[in-house]
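The values are calculated or read from the model by the stated rules, or taken from the named source; none is laboratory data. Treat the numbers as computed from the prediction; the structure is a model and nothing was measured. Here the Cβ is made from the backbone with ideal geometry for all residues, glycine too, and neighbour counts use every protein chain on show.
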């Protein structure tokens with residue numbers, strides 16, 4: 001779809017061409033404006049006269065950059081700050097982008113309940129809580145410095161610096177919020193939440209018959225390694241869930257020996 005509008009004034013020849021475009025890859029829609037200034041012309045190498053053409057595209061793209069495609073998996077506040085900061089960078093609002101990237105780090109700390117008297121301490125605590133490495137913490141401090149200069153000194157960061165900062169921030173978001181989601185669907189990752197333990201146990205129970213009376217280790221088989229030595233913790237949570245009527249697939253059995261194991265093990269009966 002295209003439309004051309006010509007200047008009605010005789011003393012200056014200029015026209016504007018408007019286009020609605022669709023990406024052949026992601027199928028997103030954009031708007032393109034071409035300004036054809038015929039008064040600014042020059043000959044090319046073949047002696048053909050070429051007029052000046054200025055092109056603007058909306059929304060403005062960021063060259064050689066693909067935004068996080070799974071933004072819906074980010075917490076809503078973090079998603080909002082990331083998106084608005086990215087829009088600021090695309091529209092060359094570099095001062096706001098510098099402030100925004102710093103705000104993304106603060107939003108992550110708030111979401112992960114990382115405490116500290118200031119952002120510097122919170123970044124260090126992100127590392128101490130093993131959510132990021134020490135090297136990643138150093139990079140986030142660099143982002144903090146840039147953001148502080150933008151806020152307190154109204155120092156406009158260079159576009160080249162912001163592109164690097166964008167890479168650091170997107171790595172942070174993918175590392176904390178997205179990589180585990182990908183790994184979870186295809187790899188045997190550690191289980192730390194009871195909800196995930198329940199999902200695993202329900203899948204394993206499909207291989208057993210009603211009345212089977214075994215300890216958890218038998219039901220889980222080699223997937224017990226995914227509990228990372230937290231079997232006792234999950235076993236107690238499971239007993240609580242069964243007693244509360246929240247896990248009807250099992251009932252609590254006796255504590256007794258199983259196989260060649262000399263220890264007394266808690267048994268569970270499949271319903």
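Test of understanding: among 90, 128, 113, 138, which residue is outside the structural domain of residue 203 (by TED's automatic domain parsing), over 30 Å from residue 226 (Cα atoms), out of contact with any helix residue (DSSP H, G or I) (no Cβ under 7 Å at 6 or more places or on another chain) and at pLDDT 95 or above?
138
Within segment 1-29, can you find the residues that are part of a loop (DSSP other than H, G, I, E, B) and within 20 Å of residue 69 (Cβ to Cβ)?
Quick first cut of segment 1-29, residues part of a loop (DSSP other than H, G, I, E, B) only: 1, 7-13, 23-28.
Residues satisfying the conditions are 23, 24, 25, 26, 27, 28.
Provide a single number: the residues in segment 130-162 that are in a helix (DSSP H, G or I) and touching a residue at least 12 places away in the same chain (Cβ under 8 Å). Break it down stepwise before answering.
Filtering segment 130-162 for residues in a helix (DSSP H, G or I) gives 134-152, 159-162.
Remaining after also requiring touching a residue at least 12 places away in the same chain (Cβ under 8 Å): 136-137, 139-144, 146-151, 159, 161-162.
Count: 17.
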Query raised in the report: List pairs: first in segment 240-262 and in the same structural domain as residue 206 (by TED's automatic domain parsing), second surrounded by fewer than 15 Cβ atoms within 10 Å (Cβ to Cβ) and assigned to a helix (DSSP H, G or I), Cβ under 7 Å, 6+ apart or cross-chain?
Result: 249/202
Query raised in the report: Do you know which of the residues in segment 212-229 that are at pLDDT 95 or above and not in a helix (DSSP H, G or I) is surrounded by the most Cβ atoms within 10 Å (Cβ to Cβ)?
Result: 215
